[in-house]
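Trainee: Take a look at this one; I'll ask things after.
Quick note: the coordinates plus some simple rules give every number you see, no bench work behind them. Being a predicted model, the structure only gives us computed values, none of them experimental. Reconstructed Cβ throughout: ideal geometry from the backbone, glycine too, with neighbour counts over all protein chains shown.
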Amino acid sequence: MSVRKAIARDIVISTFPSAKELIQRLIAIGWIRRIPTESPARGALAPLLYLADMEATKEEALDPLELLQGYRPDGVLCYFGVLGHHGLTTQVAPFFHVAFLKESPLPLSRAAVSKPAKSTGAKVKYDPLGRKVFNFEGVSCYLTKRNPAFVPGIQTRIVGSRTILRMTTIEQSLLDTLGHPLHCGGESVVFEAWERGASQWNTDRLAEYLEEIDLPELDRRVGAMLDTLEIKADSQKLNTRLEAVRQCRADAVELPLLRGFSYPNLNRTWNIRVP
């Protein structure tokens, strides 16, 4: 606005159509088409999403990950849908997530265990999976907020001539399952993901993420998960870090292997409750 005011005398009125008119013209000539998203709730409006691809056919299948990335281009795809994309689960995701990154005002130790704030407005039902923004072909698409300090593992993948996805890496996705198991599909999906991930991950990279996040609770859960599934890490860097955390956990409080779940047995090495 300041630039516009500074050159007000030199501005020439444009005859280029408005965005709304341009979209209508492109629809009329068949260069773009509306994607049939559904409203997430009664009284709410579904976002207007268009497929701008002259070679796309009406029969072409669209990936919810692609739609969420289009809805939030600066966001990071994560959780259940990304586990499926990486081949870490054989289960079909009924919901997908894109996260916008925003730093928490709380210290990392408090931010990690703080509970989501419940809405005080009337008739607003709290959804633990986040804010549902639209439905598409029977699946729910969510927008959630994440602290970038807990998401060091982000990659960009080119998956087609028109599609670039910004998502969590395999190693980051596995760490996410420990802190957000519901978002990742629940217990069965989480254990399957770790079992399948053991043949695909880069354990040095996993160690680097743990070092960046620097949350002993997460290191302990990783150690307990490896013990539970009898997985041997082939990384000296990871083993060294986990051993250092293990030696300093004498006064650590008991935690469940998966956040939000209760388990009967205690892994005394990590002071973690396990199945």
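Trainee: Among 87, 54, 29, whose Cα projects farthest towards the positive end of the dipole of segment 1-93, with charges put on the beta-carbon of Lys, Arg (+1) and Asp, Glu (-1)?
Mentor: Farthest towards the positive end: 29.
Trainee: Next question. Would you mind calculating the gained length between residue 1 and residue 188 on full extension (0.36 nm times residue separation, minus the Cα-Cα distance), in nm to one decimal?
Mentor: Value of the extension gain: 62.0 nm.
Trainee: Taking R0 as 35 Å, what's the FRET efficiency between residue 19 and residue 145 from their Cβ-Cβ distance, rounded to 0.05?
Mentor: Result of the calculation: an efficiency of 0.80.
Trainee: Once you sort the root eigenvalues of the Cα gyration tensor of segment 133-180 as a ≥ b ≥ c, which label holds: rounded (a/c under 1.5), prolate (a/b larger than b/c) or oblate (the other case)?
Mentor: Taking the square roots of the gyration eigenvalues as a ≥ b ≥ c, segment 133-180 is oblate.
Trainee: Which of 136, 182, 272 sits closest to the plus end of the dipole of the chain, meaning its Cα is farthest towards the positive end, when Lys and Arg get +1 and Asp and Glu get -1 on the C-beta?
Mentor: Checked the options; the winner is 136.
Trainee: Restricting to DSSP H runs of at least four residues, report the calculated mean residue ellipticity at 222 nm for the chain, -39500 (n - 2.57) per run over all residues, nearest 500 deg cm²/dmol.
Mentor: After summing the helix terms and dividing by the residues of the chain, the value is -9500 deg cm²/dmol.
Trainee: I want the antiparallel fraction of DSSP beta bridges within the chain, as a percent rounded to 5.
Mentor: So the antiparallel bridges in the chain amount to around 65 percent.
Trainee: Moving to a separate point now. Magnitude of the Cβ-charge dipole of the chain, K/R +1 and D/E -1, about the Cα centre, nearest 20 debye?
Mentor: 1260 debye
Trainee: Sticking with this one: Between residue 103 and residue 266, take the C-beta separation as r, use R0 = 22 Å, and let me know the FRET efficiency to the nearest 0.05.
Mentor: 0.05
Trainee: How many lysine pairs are close in the chain, with Cα atoms under 22 Å apart and the two 8 or more places apart or on different chains?
Mentor: 13
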